[in-house]
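Okay, so here's the structure we're looking at.
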Amino acid sequence: MDPKALRAALRYIESWLAFQLRALERPGMTVAVSHKQRIVLELGLGEADILKKTPMTAHHQLRIASHSKSFTAAAILRLREQGLLNLDDPVGRHVKGLHADVAKVRLSQLLSHSAGVARDGPDAGQFQDRHPYLDREQVLRDLGGGLAIAPNTRFKYSNHGFALLGLAIEAVTGEPYADWMQREIIEPAGLKDTLPDVLPGKRMRLASGHSGRLLLGRRVLVPGDNPTRAIAPAGGFVSTAAAVANFYAQLLPTARHSVLSVDSRRELMRRHAQVPHSSLPSWYGLGVMHGSYQGWDWVGHTGGLQGFVSRSLVLPQQEIAISILANSQDAFTWPWVDGVLQVLQAFDKHGAPTARTRDWTG
């Protein structure tokens, strides 16, 4: 993309997102765009806490929820590079005491949501703050009933499946998931202000989450500082928009700096399972979503946890990564990212505004 057109597009994107936040009366968001692994836009909009009237900054951390699955996938591929496991390994080779059917599913099937594992067990109350997030023993107990459907039947999204991958990482490394991820993935990737979960003793600048206005007619504050325990590999990460954009930019095979080999990154770029019942064709790879917007292919993920929603992606052909993290349950991060893509495409096609058109703003 022409640098001049990109700069003009970023100026428009900043004003357009600020307008979206005001018009739709959402609390706040953080935004980052990188081009060829360099952050070219980074900002905070709105408020990090509507009760305290705290302005949102680009340096605020937010819960990024299911983006965590991409980090867990990177960890599995890193361990494969180190010769400690293979994608075709049955998970029971590494995690003992599983139901016989669960023990047979392969790591690649868990990564692509094609293993047939139940999404959240019999009770998903942890995702509505009805009780604490599950620990190792509770996850294993949930998995004791076997599979929900036969492996490779179809795409079946599963947080429990990624919790199981976290247990495999702990078994292979002999360390807690959070410790190994921080040292072997987060720090080598240069991701500042990123944690695999809310961890005791770790200083954070965490934005508050917010409910939607329904059903109370007002927003309720959601602190978002509760640890996700054994569910962290599926949804525990805390980060900034810039760090998330940087991470997805590193997944491109053409990236100059990455924690993964080119071979592993190519594996991440491969589509494994088609997502059924989607309004647009979409696929899932290994811990990443795949799609296309008006001819531009993208790879990334979405996230949603109490009071927070998010969406991030990287465009392989354009070498552009985008991340929008929002601190309200009813934020429109999916259409906002689509809007950013549409703006980029318009400026890529028509170039920066000329002297005749530059006053046509708003």
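The values are calculated or read from the model by the stated rules, or taken from the named source; none is laboratory data. Not measured: the values here are computed from a predicted model. Please note: Cβ atoms are built from the backbone with ideal geometry, for glycine as well, and neighbour counts cover all protein chains shown. Accessible surface areas use protein heavy atoms only, side chains included; no ligands, DNA or RNA. Shrake-Rupley method; radii C 1.70, N 1.55, O 1.52, S 1.80 Å.
Side notes on the structure shown:
- Residue in segment 264-271 that is among the hydroxyl-bearing types (Ser, Thr, Tyr), in contact with a helix residue (DSSP H, G or I) (Cβ under 7 Å, 6 or more places away or on another chain) and surrounded by 17 or more Cβ atoms within 10 Å (Cβ to Cβ) present: yes
- Residue within segment 45-59 that is under 29 Å from Arg183 (Cβ atoms), open to solvent by 10 Å² or more (accessible area, probe 1.4 Å), in a helix (DSSP H, G or I) and at pLDDT 95 or above present: no
- Given (1) closer than 22 Å to Ser239 by Cβ; (2) of a type outside the set (Gly, Ala, Ser); (3) open to solvent by 30 Å² or more (accessible area, probe 1.4 Å), number of the condition Leu62 does not satisfy: (3)
- Among the candidates Ala9, Ala32, Ala23, residue that is buried (at least 18 other Cβ atoms within 10 Å of the Cβ) and assigned to a helix (DSSP H, G or I): Ala9
- Of all residues in segment 209-243 being in a loop (DSSP other than H, G, I, E, B) and open to solvent by less than 20 Å² (accessible area, probe 1.4 Å), the one that is farthest from Pro55 (Cα to Cα): Thr228
- Among the residues examined, Val40 does not qualify as of a type outside the set (Ser, Thr, Tyr), open to solvent by less than 10 Å² (accessible area, probe 1.4 Å) and either in contact with a strand residue (DSSP E or B) (Cβ under 7 Å, 6 or more places away or on another chain) or part of a strand (DSSP E or B) (or both).
- Residue satisfying all of: in segment 290-332; out of contact with any helix residue (DSSP H, G or I) (no Cβ under 9 Å at 6 or more places or on another chain) and open to solvent by 10 Å² or more (accessible area, probe 1.4 Å); nearest to Leu45 (Cα to Cα) among these: Gln329
- When the residues of segment 117-138 are filtered to those that are of a type in the set (D, E, K, R) and either open to solvent by 60 Å² or more (accessible area, probe 1.4 Å) or in contact with a Lys or Arg (Cβ under 8 Å, 6 or more places away or on another chain) (or both), the one that is nearest to Tyr157 (Cα to Cα) is Arg119.
- The C-beta contact set for segment 271-285 (first residue touching a residue at least 12 places away in the same chain (Cβ under 8 Å) and within 17 Å of Leu313 (Cβ to Cβ), second residue open to solvent by 20 Å² or more (accessible area, probe 1.4 Å) and basic (Lys, Arg), distance under 7 angstrom, 6+ apart or interchain) comprises Trp283/Arg271; Gly285/Arg270; Gly285/Arg271.
- Lone unmet requirement of (1) at positive phi; (2) surrounded by fewer than 17 Cβ atoms within 10 Å (Cβ to Cβ); (3) modelled with pLDDT of 95 or more for Gly351: (3)
- Ala58 vs. criteria among the small types (Gly, Ala, Ser), under 18 Å from the mean Cα position of the chain (by Cα) and more than 22 Å from Phe19 (Cα to Cα): no
- Restricting segment 244-286 to residues that are among the small types (Gly, Ala, Ser) and assigned to a loop (DSSP other than H, G, I, E, B), the residue that is nearest to Leu111 (Cα to Cα) is Gly285.
- Subset of segment 78-116 [open to solvent by less than 10 Å² (accessible area, probe 1.4 Å) and either at positive phi or in contact with a Cys (Cβ under 8 Å, 6 or more places away or on another chain) (or both)]: His113, Gly116
- Pairing each residue of segment 36-51 that is free of Cβ contacts under 8 Å to residues at least 60 places away in the same chain with any residue that is hydroxyl-bearing (Ser, Thr, Tyr) and part of a loop (DSSP other than H, G, I, E, B), provided the two are 6+ apart or on different chains, yields C-beta distances under 8 Å for Gly44/Thr57.
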